[in-house]
Each structure stands twice: as C-alpha cells, then as structure tokens.
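Working notes, beginning with the structure itself.
None of the figures in this text is laboratory data; all of them are computed from the coordinates on show. These numbers come from a predicted model, not from an experiment. So basically every Cβ, Gly included, is an ideal-geometry build from the backbone, and we count neighbours across all protein chains shown.
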Amino acid sequence: MSELCVRTVKSTGVPCSSNRLSWGGEIGLPDPLSCRRHLTRAERLAFNARGTLNTKQCADCKEELPVSEFYWVSKASGILRGQCKNCMRRRKAEQLDPEWVPGCSRCGHLLLTRSGSGRRLCETCAAETYDLSEPPCGRGGRRVKLKSCTLCRGPKERFERGKLCHACKPWALYAKSLRRFGITPVEYVAILQAQGGVCYLCGIRPEGKRLCIDHDHALPDCREAVRGLLCDDCNYSRLPRFNEDPVMLLRAVEYLTVPPARLILSPQVALADVA
C-alpha cells in the first residue's frame, strides 16, 4: 500500500510527500515510515539486515542500483560505499594512467602534482581546513583548524570544547539572543554601561538575570534593529501596551502632567501645575 512520506526536507523545511511503502510491520518499526531517501541510519541498517531495502543510489552516476552492485565498507554495521562497482572500476582505471592527476576532494580543482595517498586538498582548501602555522606531525599530518567563537568571533584554544571561547562561556545561556541580533558580549556590556547599568525605562538594576534586547519590530532581526536593553516588565508589558507609538507615549506624558479633568474640577490647581 503506497502512502506519502511525512518527513520534511532539511534544506527547504517542506514535507517530502514522495510515495513510500508501509514497511513498519515487516521490521517492527513504528508507522509512519519515510521514503527511502529519508530513512534514518537505524532504519536503513534494519532494512539491510532484513533484505527489504535492496536498492541504493550511486553518488557518481546517480542511478538506482541493487545493493549487490556496491562494495561493502563494513558488513557488520551494514554500510555500503557511496559509488557503485562500475564507478569504482572506472576510477581505478583512470588512476593507472601516468598523466592522471588527482583533484581536490573539496572543490574539485585538479592538483598540479600527483602526491601520496590520503585526503588530497588544494592549497586554498588546505589553508581553510588545517592549521598551517603549527609544524606537521611525524607522518606529515596537521591539526584541523579550530572554528572561531560563535559570539565574539575570536579564536579558541585547543582544550576548549563547544562553540564558545573561554571568555564567552558565562554567556552560554544568553548566546541565542546575542546570535539573533549579531551582538558580541563586549557590545552588550557597552550598551548596558551607556544606560547606566539599569533598564532604560524604569531604571531598575538587573539582579540575577540580564536585561532583554529590545529591537524595532518593523526591521528584520539585525544589529540595526537593536534599540536598547529593557527589563522583562518594560519589554513584554509596559512598552507593548502603547503599541510602541511615540505619539501615544507623548499623550500619556501630557495626561500625567496636566490631567484634563483638573481643568474642569480644579482649575486653580491645574493652572498652578502649568505655571
């Protein structure tokens, strides 16, 4: 019985909606299952073990071929090579040519010289991948270049794990908001100091929790949309009550300073307040 795949495509975020077969009862997996493209590794291993999934797409020729047309990487784990046997034979035959030169495994550009075995990268990709400032090890290998900190975009040390450097570790719980607007912790502290270390509207000093990043909702989430730092009450309750309308806020200030009812009920008090 054919049904539609309910899993979403990661690149687009929309449902796959391709035809699939109701195979859950055959291998004991819960329905609904996905199509063959969106099988998880555990489901694919289960299908290979039962012999249900008997076809695979070649990474080179893009043809849907039987599983018998692929070499095994590991029979114990049920992993097959990405290229079919014919494409593997073609690659081996090309490498026997004395004029054959390998291509970069990342960008595909042909290398000028034919080097030894291992992963071959051009100079540009090697500089982006490995740390060339350190000397190579005994076998010629190099350490992979560390990615920069996702908050301050600065370098990280070798012993540090995760996406943040040592200086940004205390900001881990607030990192999502900082990344949303592209603000570094140093810039956040600079804005807070410019406000006197308090909420800009009510003047309350934060205790145990950092102030919220207030932004202009008419603009996309970026650095230019940030307006300041507010407490939870001002950001989620007080300011939204006026729909962030400057005219309404000015009328509220006028209403508090010169109430209109005093002009009728107590005109002398109203004139004294104005004076």
Single residue of the range 142-188 satisfying the filter (touching a Pro at 6+ places or on another chain (Cβ under 8 Å) and without any contact (Cβ under 8 Å) to a residue 24 or more places away in the chain) that is farthest from ASP216 (Cα to Cα)
ARG142
Cβ-Cβ under 9 Å, sequence separation 6+ or interchain: first residue in the range 60-78 and of a type in the set (A, V, I, L, M), partner part of a loop (DSSP other than H, G, I, E, B). Which pairs?
LEU65/CYS58; VAL67/GLY51; VAL67/LEU53; VAL67/ASN54
For the range 237-267, which positions are surrounded by 13 or more Cβ atoms within 10 Å (Cβ to Cβ) and not aliphatic (A, V, I, L, M)?
ARG238, PHE242, GLU244, PRO259, ARG262, SER266
